[in-house]
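Take a look at the structure set out below.
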Amino acid sequence: MLITNIKGLVGLHPKDKLVLRGSELSNLPVLENAWLLLEDGLIRDFGKMDAFPSSIAYLPSYNAGGRYVFPSWCDSHTHIVFAASREEEFAMKIQGKTYEEIAAAGGGILNSANKLQKASEEELFESAAIRLKQMILQGTGAVEIKSGYGLTTESEIKMLRVIKRLKDQFPIPIKATFLAAHAFPAEFKNDHQGYIALITSEMLPLIAKENLADYIDVFCEKGFFSVEETNQILKAGAKYGLKPKIHTNQLSVSGAIEVAVENNAISVDHLEESNEETINTLRNADTIVTLLPSCSFYLGIPFADAKSFIKADLPVALATDYNPGSTPSGNMNFVVSIGCIKMKMLPEQAINAATLNGAAAMEISGNYGSIAVGKKANLFITKPMPSIAYLPYSFGESMVDKVILNGEFYNG
Ligand code: NIG
Ligand code: FE
């Protein structure tokens, strides 16, 4: 496929640029008035329209006149396999109940687990596939999906098998994360070590045997998993080759960042709460800081301090956190908008964080997340827009017009 008259080809980082730290996030290379050649699912070549090579002029082409081409969004944190929405909690939130209070009243993660345990693998696959298709049509071209609403061996494996089927049937890269340590099931409320033993001695060996997960995650938070418990679970995961991507500092600052770095975490996610120590611990690590502004928006909790993380030279990524409890939305365009509006990221920073650094948080940035010769052709073409900043500026509206996956138009 040949795309001509592109107003701007966005995100032209060199192929060997695998992650952007600190001030590098402000650099979003763009080629104006460009053409782009895709071949065998890959980006083959690109250049300026005024130096259009006659050797390719005969190829059938798509005229993108006035529109931009972006690398697909890379959404590195989602929980899109779930049995039912939880809008009954929506009114409770509006009336002032906190996330912890709703969980304590039988809502929250345990509510989702109850429903998921009763759902069939088929039902879960069907509903997750609908969500994923919708996300792709909104510009997402790579995604990470977590388990964590099973909380029994049978149901955690059921969730991971659903993710495996999504991997097999969708034309985008998908990473699977094992999150049995999302909440303590009621029967283990007073027996934390009993549940941790179930995770480490029963679930992990089975998951490794079927090769069902790429990463391990723990929800480290007051009322959920402690820092010590988090360390214990991450160490057990490492024995099976699972690297950590953890939920932490969502509601309070904990020592989990230190534990994550010590266990070579790929990413630490949320960080709505942070302090100097959080930043200093991350300064010399490769761990990516994945921020989830639509979760803050929905829960009404503080927005993460993206500016301080960037100032401290950290690699910041943006993701949706799509889940039925804290973020019922998988729209990366909105994430990029409120990354700018509420976290004061510049459009260039937010776009880089949602593309190349999102890919890095899934360890696929060698092939996804920017436009470079030899990388996978997962892209979107925008509607006509006056400038790149117009995309986050026009919040709530999708500027994504056409989606291209593996070099071909995707229509869902
Ligand atoms: O990332 N914080 C923990 N997990 C999810 C929410 C899960 C839920 O409420 O169902 C999150 O926000
Ligand atoms: Fe999450």
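The values are calculated or read from the model by the stated rules, or taken from the named source; none is laboratory data. These numbers come from a predicted model, not from an experiment. Methodologically, a virtual Cβ is constructed for each residue, glycine included, from the backbone with ideal geometry; neighbour enumeration extends over all protein chains shown. The accessibility values were calculated without ligands, DNA or RNA, using every heavy atom of the protein model including side chains. Shrake-Rupley method; radii C 1.70, N 1.55, O 1.52, S 1.80 Å.
Values computed for the structure shown
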item	result
Dipole magnitude (debye, nearest 20) for the chain, charges at Cβ of Lys, Arg, Asp, Glu	840 debye
Unit Cα scatterers, Debye sum, segment 178-261: log10 I(q)/I(0) for q = 0.10 Å⁻¹	-0.21
Packing-based order for 102-111, 140-149, using average beta carbon neighbours within 10 Å, highest first	140-149, 102-111
Mean separation of Cα contacts under 8 Å, 6 or more apart, over the residue count of the chain: relative contact order %	23 percent
From phi via Karplus (6.51, -1.76, 1.60), per-residue ³J(HN,Hα) for segment 21-37 in Hz, x at Gly/Pro	10, x, 5, 4, 5, 7, 9, 10, x, 10, 9, 8, 6, 10, 10, 9, 10
Relative contact order computed over segment 240-362 (Cα-Cα under 8 Å; 6+ residues apart), in percent	21 percent
Normalised contact order of segment 181-291, rounded percent, pairs of Cα under 8 Å and 6 or more residues apart	21 percent
Kirkwood-Stokes translational diffusion coefficient of the chain, alpha-carbon pairs, 10 °C, 1.306 mPa s, µm²/s	74 µm²/s
Residue-averaged [θ]222 nm for the chain, counting only DSSP H segments that reach four residues, each worth -39500 (n - 2.57)	-9500 deg cm²/dmol
Antiparallel bridge percentage (DSSP; both residues within the chain; nearest 5)	45 percent
Accessible solvent surface per residue of the chain, calculated while the other protein chains remain in place, 1.4 angstrom probe, Å²	38 Å²
Heavy-atom accessible surface of segment 334-412: percent carbon and sulfur, 1.4 Å	52 percent
Signed unit charges on C-beta, dipole axis of segment 73-360, positive-most listed residue A84, I246, I351	I351
Segments 202-210, 158-166, 367-375 sorted - mean Cβ within 10 Å per residue, highest first	158-166, 367-375, 202-210
Highest average packing first - 343-352, 377-386, 356-365, Cβ atoms within 10 Å	356-365, 343-352, 377-386
